[in-house]
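Report on the structure given below.
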Amino acid sequence: MKEYTVYILRSQKDGKRYIGLTNDFVRRFSEHQYGKVKSTSQRRPLDIIHALQALIRGVNIAYKKIYGIF
């Protein structure tokens, strides 16, 4: 079964956060850092606040854990 990573990034520039989901976190974070993601390209550099891997059927649980709801 494929694993996915739910992650939260924070902009060092404006403090805003971005929540994402990917099956290749290293590649996706690199895309964020190099300005290849439209929604974060003007907010670089970015810090990783949280990253949690989960099986695809567990993605909702992962989101809830990040927000402290579960």
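The values are calculated or read from the model by the stated rules, or taken from the named source; none is laboratory data. Please read these numbers as outputs of a predicted model, since none were measured by experiment. Protein only, heavy atoms only, side chains kept; ligands, DNA and RNA dropped before computing areas. Shrake-Rupley method; radii C 1.70, N 1.55, O 1.52, S 1.80 Å.
Any residue that is among the aliphatic types (A, V, I, L, M) and part of a helix (DSSP H, G or I) - is there at least one of those in the stretch 4-20? No, there is no match, as no residue in the stretch 4-20 is among the aliphatic types (A, V, I, L, M) and part of a helix (DSSP H, G or I). Out of curiosity, is residue 2 open to solvent by 80 Å² or more (accessible area, probe 1.4 Å), modelled with pLDDT of 95 or more and more than 14 Å from the chain's Cα centre (by Cα)? Judged against the criteria, residue 2 is not a match. If you go through the stretch 5-53 and keep only what is open to solvent by 90 Å² or more (accessible area, probe 1.4 Å), over 11 Å from the mean Cα position of the chain (by Cα) and among the β-branched types (Val, Ile, Thr), you end up with nothing.
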